[in-house]
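Structure record follows, encoded as structure tokens.
The values are calculated or read from the model by the stated rules, or taken from the named source; none is laboratory data. What you are looking at is a predicted structure, and each value in this text was computed from that prediction instead of being measured. Positions of Cβ are generated from backbone atoms using ideal geometry, with glycine treated the same way; all protein chains shown enter the neighbour counts. Surface accessibility is based on the protein's heavy atoms, side chains included, excluding ligands, DNA and RNA. Shrake-Rupley method; radii C 1.70, N 1.55, O 1.52, S 1.80 Å.
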Amino acid sequence: MLEPRQDGNKRVLWPWAYAAFVLAVALLRSLSELQHYLARGGEHAWEPFLWELSSAALTGPLSVLVYHWHVAGIGAPLLRQVRRHAGGALLYMLAHVGGMFGIRFAVYALMQVDYDAGTVWSVLGYEAGKDFIGYTLTVAICHGLFHMQQSERLRAELAEARLARLTEQVQPHFLFNTLNLISSVMYEDVKKADRLLCRLADLLRSALAAQQQGWHSLQQELTLIEPYLELMQARFGDRLQVHWRIEPQAQAWSVPSLLLLNPVENAIKHDVALSRGTVSLRLEAGLIGDGKQLRICVHNSGVVAERLEREGGLGLANLRQRLQAAYGAGASMQIGPAADGGTALELLLPARGAA
């Protein structure tokens, strides 16, 4: 299962941002009302602020309740939704008017100032029209927000489904290439081939678990690669030398599962398997750009890449698509001749946070 988006901080900030917005609107309305109030000879400058803030103190929370009330009724027959919102508008008006004037009477009593709001029916008649319009506009805004959230959720689910599909392509491709490498040992050393096949079974179990997880830490990804490198070192012996240069700070960062299996496999298949001498495979990882990017490099010292893609090649094409599905335009991949010889594949990944 893919790792959920890390939006906990946003969920914590949204209520505060919404409260700040409601307060800002109420204060602006208060300042506007203050001008008319003073022009009419008003004696208490705090009164316009009380009127607007007491209204906002109710409309803010009530709008949130209207959102949930509206969302809960989406999908019901139209007539039922109309009846639902007719009742909702009535409750909205009663709660708004009752709470608002309750606050006002309490503050006026505290300030020892007389407050004549008029009769109950005149107040309800005056406020009912405004509250009906306010309720209707709130429902319209809530409906738009709901569909925006649904569209965003659908896009995220489609991206995750695409990433999962691309991840599923890794294992058959990897298994086919690995079995080809092991098959050459079977006629030379049957016991050795049997040990390699058992190790391969262990590796595939770990790869399947990683695939179901979707995202994991770089340390877990490297732990997954180690058995594969053990298989290849058993196959090629001293011809394959593996070196690790992994910064401790980089090990906790999240990466898509099985991200590095194809690059490492390609480096061995198109280098060690085609070279007569010793080949050094170096894996590097570290944080760059003040910890905002994760740099991963797979370097092999043997064959220099003549072109970035092979005709019919799945490994690098799959890797590019997985980076696009996981990070969009935030990630990059480069492959070509290394400065110290051989070929280097470099990945720059935006930091998602600790796994």
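Which of the residues belonging to region 47-63 are without any contact (Cβ under 8 Å) to a residue 40 or more places away in the chain and open to solvent by 50 Å² or more (accessible area, probe 1.4 Å)? Selection gives 49, 53, 61.
Considering only residues in region 237-256 that are open to solvent by less than 20 Å² (accessible area, probe 1.4 Å) and of a type outside the set (A, V, I, L, M), the one that is nearest to residue 301 (Cα to Cα) turns out to be 256.
Regarding residue 109, is this residue exposed (fewer than 14 other Cβ atoms within 10 Å of the Cβ) and small (Gly, Ala, Ser)? Judged against the criteria, residue 109 is a match.
Of all residues in region 317-329, those that are touching a residue at least 24 places away in the same chain (Cβ under 8 Å) have Cβ atoms under 7 Å from Cβ atoms of residues that are surrounded by fewer than 17 Cβ atoms within 10 Å (Cβ to Cβ), 6 or more apart or on another chain, in 325/159; 325/162.
Looking at (1) crowded, with 17+ Cβ neighbours inside 10 Å; (2) closer than 24 Å to residue 187 by Cβ; (3) modelled with pLDDT under 75, can you tell me which one residue 233 breaks? Status for residue 233: all satisfied but (3). Check whether at least one residue in region 105-123 is modelled with pLDDT of 90 or more, closer than 23 Å to residue 20 by Cα, part of a helix (DSSP H, G or I) and more than 31 Å from the chain's Cα centre (by Cα), and report yes or no. There is at least one residue in region 105-123 that is modelled with pLDDT of 90 or more, closer than 23 Å to residue 20 by Cα, part of a helix (DSSP H, G or I) and more than 31 Å from the chain's Cα centre (by Cα). Please work out if residue 69 is part of a helix (DSSP H, G or I), touching a residue at least 24 places away in the same chain (Cβ under 8 Å) and open to solvent by 50 Å² or more (accessible area, probe 1.4 Å). Spelling it out, it is not the case that residue 69 is part of a helix (DSSP H, G or I), touching a residue at least 24 places away in the same chain (Cβ under 8 Å) and open to solvent by 50 Å² or more (accessible area, probe 1.4 Å). The strands (runs of 3 or more DSSP E) falling completely within region 234-302 that include 1 or more residues that are over 16 Å from residue 218 (Cβ atoms) and in contact with a strand residue (DSSP E or B) (Cβ under 6 Å, 6 or more places away or on another chain) map to 240-246, 279-288, 293-300. Summed over region 207-241, residues that are under 22 Å from residue 349 (Cβ atoms) and over 25 Å from the mean Cα position of the chain (by Cα) total 4.
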